[in-house]
Amino acid sequence: MKSELLMVIKDLSVHYPKRSAIHHLSLELKENDAYTILGPSGCGKTTLLYAIAELLPKAATIEGTRLATRPLKKSLVLQDYGLFPWKTVLENVLLPLKLEGKKSSQSRESAMHLLKHLGLEGHLEDYPPTLSGGQKQRVALARSWAMNPDLLLMDEPFSALDAMTRERLQEDVLNFYKSTSLTMVTVTHSIEEAVFLGRHVIVMNTEGSLVKMITNKSFGMEDARESDLFFEQCIELRKLLKEVSK
Ligand SMILES: Nc1ncnc2c1ncn2[C@@H]1O[C@H](COP(=O)(O)OP(=O)(O)OP(=O)(O)O)[C@@H](O)[C@H]1O
Ligand SMILES: [Mg+2]
């Protein structure tokens, strides 16, 4: 794992016309690292993710600085999948590559490989409305991975899925992360997901400030979910979240 800095966020505050969402938040993201963001509903997790993606709406006023140490290719996976219903599964995955002007035969091959890896080889010509929630989310993941991003940003990517599908996709994401050199940031409401997918767990409070960034020792361990370290980490975070949600 490299430990160079990827992005430095200093004293960031974000104000929407009627209310503020982030308050004086400072954070450093490192190369090839994994972060998860936990915090009460409405505390500003999505706002922070959009600030990192540089996708905040025009109406938002931003104070403080966000500096990437190099030009970054970012990919964002949203809760509602963001698929085009009138394009097939394969076309959805190929779209960002097409927009980048990549050679179509190569792109097709890598897209098919990813879709096969995610168990979607039988659905290449299907349209998203005919897929289940878990299948749609896998298409959205394949699309974001096919771009080969430096920074993978995910906003509650698995919240609509049943427990087993969710765990399988979390494992797919972790294996993908391990096979690349990207940095990933995942927003979640689930403590277990935060501990499974984050080497560092960022905890925010209702005021939109960073309370603590916990380094999670169980991250990436073989059978992490069954380990004592994993349970201890979940208990510590549950206590902290209770405190900040008061
Ligand atoms: N586009 C917007 N315009 C105005 N206010 C907004 C906008 N987006 C978010 N907000 C407000 O900013 C605050 C933080 O919202 P945000 O979506 O970042 O929270 P969140 O932590 O992601 O919440 P949740 O866990 O429910 O998804 C909320 O009070 C919300 O109403
Ligand atoms: Mg949100």
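Can you tell me which residue among THR180, THR206, THR215, THR188 is crowded, with 17+ Cβ neighbours inside 10 Å, in contact (Cβ under 8 Å) with a residue 12 or more places away in the chain and hydroxyl-bearing (Ser, Thr, Tyr)?
THR188
Return the residues of region 149-169 that are surrounded by fewer than 21 Cβ atoms within 10 Å (Cβ to Cβ), of a type outside the set (Lys, Arg) and not in a strand (DSSP E or B); say none if nothing qualifies.
PRO149, ASP150, GLU156, SER159, ALA160, LEU161, ASP162, ALA163, MET164, THR165, GLU167, LEU169
I'd like to know if region 200-215 contains one or more residues that are in a helix (DSSP H, G or I) and under 28 Å from MET7 (Cα atoms).
Residues of region 200-215 in a helix (DSSP H, G or I): none.
Looking through region 200-215, none of the residues is in a helix (DSSP H, G or I) and under 28 Å from MET7 (Cα atoms).
What pairs can you find where one residue is in region 34-55 and without any contact (Cβ under 8 Å) to a residue 60 or more places away in the chain, the other is part of a strand (DSSP E or B) and more than 9 Å from ligand 1 (Cβ to nearest atom), and their Cβ atoms are less than 8 Å apart, with a gap of 6+ or different chains?
Taking only residues 6 or more apart or on different chains, the pairs are ALA51/ILE9; ALA51/LEU12; ALA51/ILE62; ALA51/ARG66; GLU54/ARG66; GLU54/LYS74; LEU55/LEU76.
Could you tell me which of the residues VAL195, VAL173 is closer than 16 Å to GLU156 by Cβ, at pLDDT 95 or above and crowded, with 18+ Cβ neighbours inside 10 Å?
VAL195
Only one residue in SER20, SER13, SER26 is farther than 21 Å from TYR177 by Cα and in contact with a Lys or Arg (Cβ under 7 Å, 6 or more places away or on another chain). Which one? Full working, then the answer.
Details: SER20 fails: in contact with a Lys or Arg (Cβ under 7 Å, 6 or more places away or on another chain); SER13 fails: in contact with a Lys or Arg (Cβ under 7 Å, 6 or more places away or on another chain).
The unique qualifying residue is SER26.
I'd like to know if region 39-60 contains one or more residues that are part of a strand (DSSP E or B) and more than 14 Å from ligand 1 (Cβ to nearest atom).
no
If you go through region 123-143 one residue at a time, how many are part of a loop (DSSP other than H, G, I, E, B) and not small (Gly, Ala, Ser)?
5
For region 167-192, what are the residues that are of a type outside the set (S, T, N, Q) and within 16 Å of ligand 1 (Cβ to nearest atom)?
Residues satisfying the conditions are VAL185, VAL187, HIS189, ILE191.
Just a yes or no: is a residue in region 66-77 in contact (Cβ under 8 Å) with a residue 40 or more places away in the chain, part of a loop (DSSP other than H, G, I, E, B) and touching an Asp or Glu at 6+ places or on another chain (Cβ under 6 Å)?
Yes; the residues of region 66-77 include at least one that is in contact (Cβ under 8 Å) with a residue 40 or more places away in the chain, part of a loop (DSSP other than H, G, I, E, B) and touching an Asp or Glu at 6+ places or on another chain (Cβ under 6 Å).
In region 2-55, which residue that is away from ligand 2 (no atom under 14 Å from the Cβ) and among the polar types (S, T, N, Q) is nearest to LEU152 (Cα to Cα)? Before the answer, list the steps.
Our first condition is that a residue be away from ligand 2 (no atom under 14 Å from the Cβ); within region 2-55, this holds for 2-13, 15, 17-20, 23-35, 54.
In the following step, the residues that additionally are among the polar types (S, T, N, Q) were identified as 3, 13, 20, 26, 32.
Working: SER3: 17, SER13: 22, SER20: 26, SER26: 20, ASN32: 10 Å.
Taking the candidates together, the pick is ASN32.
Under 7 Å between Cβ atoms, at least 6 apart or on separate chains: pull out the pairs that start in region 141-155 with a residue that is more than 17 Å from LEU115 (Cα to Cα) and end on any residue that is within 16 Å of ligand 2 (Cβ to nearest atom) and of a type outside the set (A, V, I, L, M).
Between residues of region 141-155 that are more than 17 Å from LEU115 (Cα to Cα) and residues that are within 16 Å of ligand 2 (Cβ to nearest atom) and of a type outside the set (A, V, I, L, M), the close pairs are MET154/THR186; ASP155/THR46; ASP155/GLN79.
Just wondering, is there one or more residues in region 157-167 that are more than 11 Å from the chain's Cα centre (by Cα), closer than 28 Å to LEU5 by Cβ and more than 16 Å from ligand 2 (Cβ to nearest atom)?
Scanning region 157-167, I find no residue that is more than 11 Å from the chain's Cα centre (by Cα), closer than 28 Å to LEU5 by Cβ and more than 16 Å from ligand 2 (Cβ to nearest atom), so the answer is no.
The values are calculated or read from the model by the stated rules, or taken from the named source; none is laboratory data. Not measured: the values here are computed from a predicted model. Glycine gets a Cβ as well: all are built from the backbone with ideal geometry, and neighbour counts include every protein chain shown.
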